[in-house]
1. Pull up all non-local amide H partners of residue A:65: gap of 5 or more, or a different chain, and H-to-H distance under 5 Å with H placed in the peptide plane.
2. What's the Kirkwood radius of chain A in Å, using all Cα pairs?
3. Charges at C-beta only: +1 for Lys and Arg, -1 for Asp and Glu. How large is the resulting dipole of the protein assembly as shown about its Cα centre, in Debye rounded to 20?
4. Relative contact order for segment A:144-272: what is it in percent, counting Cα pairs under 8 Å that are at least 6 residues apart?
5. If you place +1 on the Cβ of every Lys and Arg and -1 on the Cβ of every Asp and Glu, how big does the dipole about the Cα centre of chain A come out, in debye to the nearest 20?
6. How far is it, in nm, from the label point at residue B:391 to the one at residue A:179 when both lie 7 Å from their Cα along the line to the Cβ?
7. Given axes a ≥ b ≥ c from the Cα gyration tensor, I'd like to know whether the protein assembly as shown is rounded (a/c under 1.5), prolate (a/b larger than b/c) or oblate.
8. With unit charges on the beta carbons (Lys and Arg positive, Asp and Glu negative) and the dipole taken about the Cα centre of segment B:144-272, which residue among B:226, B:236, B:196 sits farthest to the positive side?
Number of protein chains: 2
Amino acid sequence: MRQPLAREFHDLLERGRDRQLRLAVTGLSRAGKTAFLTSLVHQLRHAGLEARLDLLPAAREGRLLGAQRVAQQDLGVPRFPYDPAMAALDADPPRWPDPTRGISELRLAIRYRPKRSGLLARSAATLTLDLIDYPGEWLLDLPLLDHDYLSWSASRPAHDDGEYAALFADWRASLADLDPAATADEARLAEIADAYASGLRAAREAGFADLQPGRFLLPGELDGAPVLQFFPLPGLGEEDRDRLKTLPADSVYQTLARRFDYYQRHVVRPFYQEHFRRFDRQIVLVDVLGALNAGPDRFADLSRALGTLMKSFDYGRRSLLSRLFTPRIDRLAIAATKADHVTPEQHSHLVSLLEALLAEPLKDLRFADVPVNAFSLASIRTTSAHSVEHQGRTTPALRGTTLDNESVLVFPGEVPSRLPDADFWARQGFDFRAFRPAPRGQGALPHIRLDATLDWLLGDKLQ
Amino acid sequence: MRQPLAREFHDLLERGRDRQLRLAVTGLSRAGKTAFLTSLVHQLRHAGLEARLDLLPAAREGRLLGAQRVAQQDLGVPRFPYDPAMAALDADPPRWPDPTRGISELRLAIRYRPKRSGLLARSAATLTLDLIDYPGEWLLDLPLLDHDYLSWSASRPAHDDGEYAALFADWRASLADLDPAATADEARLAEIADAYASGLRAAREAGFADLQPGRFLLPGELDGAPVLQFFPLPGLGEEDRDRLKTLPADSVYQTLARRFDYYQRHVVRPFYQEHFRRFDRQIVLVDVLGALNAGPDRFADLSRALGTLMKSFDYGRRSLLSRLFTPRIDRLAIAATKADHVTPEQHSHLVSLLEALLAEPLKDLRFADVPVNAFSLASIRTTSAHSVEHQGRTTPALRGTTLDNESVLVFPGEVPSRLPDADFWARQGFDFRAFRPAPRGQGALPHIRLDATLDWLLGDKLQ
């Protein structure tokens, strides 16, 4: 996956002239990455025609001429499946596109007329935009680089109480009598690791997000390889370090520690070295509404997971990343997706809630002087806003089509503008319904504030 | 996937004392790799107990004490799924194990008493045996390293006649009007490459074996990546080289050529560098009977494919491989599998036929002084041999259970001892039936000549 020097040089030249930009899109599973990227590509391709991008000045001023897909540079990275995604949206009835697995990318050549082109007025310029889509779960593995096996093991949740722990009951049971000092039995370690991976998968299904190691959820070609067959050993701590260090190389403890090291070196680190360090801009998508709907456990878990995820963008102090390489991301967007699932007057609450959810990481980022902006958006709008008169009062409502193709009018309720308290959860005041996309006809995909988000992410390059 | 120096050094020491051996098993799809490896591990684990290994001297002399699975060294390579394979064989009714995809490995520690142990008589020694299983299709890509895109494209079959060509009709149609000099349209190239990959898959389904590029059949994490989106351009030859060289970088021709180069550097070469060069011994499994059953087209195709595959073991002259690294394989076995599907008196014919099929590559190997031996074997015997009296004549027959769980008595017919001629095909004299494994009960898996094959592959290390 290493790139030849000539390409680096060419990229450097292009970047020097502000004509190349690598924009990365991430988010945890179901945050809406595929819909976002599909709509983004679609809007830019239809700019100047049907697309409504009034909040993007280059488009409003008629300077955005359009975009074409061109050949990507990383031949070893899957291409983002834009055509299949559009085919799903244009199906009858429309479907949501299949989620992407792993990393993918797509390169657009954007043609625009610069604002002040001086002598060369009216001549068009090209911005080469690389869009990279990758699972937010991969970022959850960053903190793992700051650990060795023992400290990582000790840092894992205790798994002995609550809903999360219940999902790991089989794994806890499989651990019984496992002696860290005993000679490792390959087959048994594989079984226990399988049980741990099943626990992680069940936790993801249940909506939990703080899942480590992230690649256990999407093993790809490493499926069945020893590198994905480790797990924490509960009950061990720093006080055991000296004793554990003297164990033989074929002991359970040393075997697991070796696999952990290999995972760090061959799985986690290469993503940061080969991909992450080359990103210029980043947007992190968050399904705040989904978590709000799922209850306090899941909401608290999302908050923890986002805190971990955002550490990848904190280069301020002597951070883990700046010890690995010189980071390059100079602008960051965080966005609460699926804003079309609540009535418009709730959108500002949604942004406030997102900011509250990310309060700690945002503080760190501002301290580190990384420009960051929060949005609420709908990549593909699926509802229309209505007002309903009821007993003399006007109540805002939404009309949309459920995944079962039923047209419904709903009152989703209020989004809290602060982190929800026990009262909120007790009231269960929020009724989030999943909608399917509407048939698009001849027009561009409808959206909410995708244009504003685009302006923040690449507007300055279209001046 | 690179190994640390310390491990190389340790391996070197072990090898110096003849106590470590890397044995690779390959063969085209359905040649019987999984059954072979499963039975091999099973027999060695049951050596000295139920396993019948009379043709392996160490076992016959009671010096083979048994084998244990131990932790493999390559943490990034999937472990060979021995337990699931045994579970399938022990199911009721027994099933064939799922075929492996890609590379996998398993390490055994074999305990044995050396023959002449001098002062230390009766003390046991350990041989560490690494078993590596990989698709024979990967070896079909070796010749591709000796080409550039243009010469590779010209070397591909014409695809315009016969049964093989019919499978590529959609691809031929998708190529219509594709101008090598035109600007590459990403989406169109992806479509044409998809059609080419579909052709390859259909050809494999139909039993053809000469399929390039091999990774198109098993893309793994590269699925959807541009590196797997190239194909030959029919009608181009050396006479076009100068003209093609001057085409712009974004032309169809240059784009495909770049992907071909990337495939060579990042897909084909790493397998040889990271895995192949470390093999000590190799066995190539061939489903001769299956090809014989499938007819003249498929049989001729198998012959061509094996010719290509065997080039990976020909280091004699200034071969492609010896330019890459110093090869290490010092002993080679070729084996016709599924020998239990013909009556015992046909087994010698099966070996002769295998040798006839591989006549050209065997000549090269003998010239290059690579020791090679041919076998017929059944990794897991599924039939019993019988004699049937009919009209005063005794005819050999087989009793087995079909995949539909029907117990049948069959007369499979004669295996030709030379390459079959038109007469043979006209007579259709061969009735090959697929059998399922028999319940094993308490005993070891029954086999035919697996012990003789093992003696050739590792008997000298158990002296």
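1. A:111, A:112, A:113
2. 24.0 Å
3. 2100 debye
4. RCO, segment A:144-272: 39 percent.
5. The calculated dipole for chain A is roughly 2440 debye.
6. Calculated label separation equals 7.3 nm.
7. Prolate is the answer for the protein assembly as shown, as a/c is 1.5 or above and a/b outweighs b/c.
8. B:226
No lab work stands behind these numbers, since they all come straight from the coordinates. None of the values given here were measured: they were computed from a predicted structure. Here Cβ is always computed from backbone atoms with ideal geometry, including for glycine, and neighbour counts include all displayed protein chains.
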